[in-house]
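Below: one structure, written as C-alpha cells.
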Amino acid sequence: MIPKVKIILLAGPPGSGKGTQAQMLKEKFGLEMIQANRIVREKFETDPNDPEVIESKKAYDEGRLTDGKVLGKWLMQKMENVSKDVLNKGLILEGFARTPEEATITIQILKERTGLNQVRLFFIKISPEETLKRNLSRIICETCQKPINPDLIGKVEKCPYCGGELGKRAMDDKSVIETRLKVYNNETFPAIEYLKSLGIVIEINGEQSIEKVFEDIVSYL
Ligand SMILES: [Zn+2]
C-alpha cells in the first residue's frame, strides 16, 4: 500500500507519542524514516569534537533544542541521500519543525524535493498536564532508544523490539521535562502556527489510545 501523502511529518509536545506513531506508519507502509533525535544522536557519535555537535549535546542534556539552523543543515545533508524512488513511495520525518527557523529550512527543502501539496504535518495534540504525566513515567530501550508502549510497562522486562535493557531517559527528570515544555511553548508552538498558515497541518487528538491515534492518522493518508 502506498500512501497518498508523500512526506509525512509528525510533531507534537514531548510525550505525544509521535515516535511510536512514526514507527507504526513505517511498518504499515514500509516507508523510510528520518528522525530528528536520531540525526542528533548519530552526530554525537560520529563527530563528537565538532563545535556544533558539542553545543547540540549541551542543549540536549539540558532539555533545550539543537539550534534550528544547525539541525536544518543536518536534515539537508540527509535529504541529499534520499532517492526519487523513496520519495515516490513516501518518507516519514519525525520530530522536525521544532523551531520557526528549522521549520522554514525544512519547508524550503521539501518544496524543492516534492512540492508542498505532497506534504502533511500531523500534529498530535495533548494537554500540558498529560505531557508532564507521560514524560515522568516514560520508559525507553537503552539499546535501540525506542519508547516502550505505556500499555506494556510492568508487563515486559526487555525491549520488545531488540531485547535491550529498559531504562528511563536522562532527559526525563522533572526539571528537564519542564524546560522541554517551556521550549516547546516558546519555540515549537510558533513553528506549528507558521506551518498551519501554509495549510499543511492536520491536528490529531493525541489523548486517545495509540491504536485510535494511528487510525486517525491513517485515515488521511
Ligand atoms: Zn530495543
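The values are calculated or read from the model by the stated rules, or taken from the named source; none is laboratory data. In this text the structure is predicted, and so the values were computed from the model without any measurement. Cβ sites come from the backbone with ideal geometry, for glycine too, and all protein chains shown count toward neighbours.
Remarks
- Any hit, the stretch 118-139, residues being touching a Cys at 6+ places or on another chain (Cβ under 6 Å), of a type outside the set (A, V, I, L, M) and within 16 Å of the ligand (Cβ to nearest atom): no
- Among residues of the stretch 112-155, those that are aliphatic (A, V, I, L, M) and either touching a Phe, Trp or Tyr at 6+ places or on another chain (Cβ under 6 Å) or farther than 24 Å from VAL5 by Cβ (or both), counted: 7
- Test: residue in the stretch 144-160 that is in a helix (DSSP H, G or I) and closer than 23 Å to LEU65 by Cα: no
- Wholly enclosed helices (runs of 4 or more DSSP H) of the stretch 68-129 bearing at least 2 residues touching a Ser or Thr at 6+ places or on another chain (Cβ under 7 Å) and free of Cβ contacts under 8 Å to residues at least 60 places away in the same chain: 68-80
- Flag if ARG64 is part of a loop (DSSP other than H, G, I, E, B), among the basic types (Lys, Arg) and within 24 Å of LYS174 (Cβ to Cβ): yes
- Qualifying residue in the stretch 59-72 (condition: crowded, with 16+ Cβ neighbours inside 10 Å, in contact with a Phe, Trp or Tyr (Cβ under 6 Å, 6 or more places away or on another chain) and within 24 Å of GLU193 (Cβ to Cβ)): no
- Taking each residue of the stretch 132-146 that is more than 13 Å from GLY17 (Cα to Cα) and looking for partners that are among the hydroxyl-bearing types (Ser, Thr, Tyr) and within 7 Å of the ligand (Cβ to nearest atom) with beta-carbon atoms closer than 7 Å, six or more apart or interchain, yields CYS141/TYR161; CYS144/TYR161.
- Under the condition of being at pLDDT 85 or above and surrounded by 15 or more Cβ atoms within 10 Å (Cβ to Cβ), the residues counted in the stretch 138-182 number 5.
- Candidate set: the stretch 169-221, residues that are under 17 Å from the mean Cα position of the chain (by Cα) and outside any helix (DSSP H, G or I); chosen: the one farthest from ILE92 (Cα to Cα): ARG169
- Selection from the stretch 117-137 of residues that are hydrophobic (A, V, I, L, M, F, W, C) and modelled with pLDDT under 90: LEU132, LEU136
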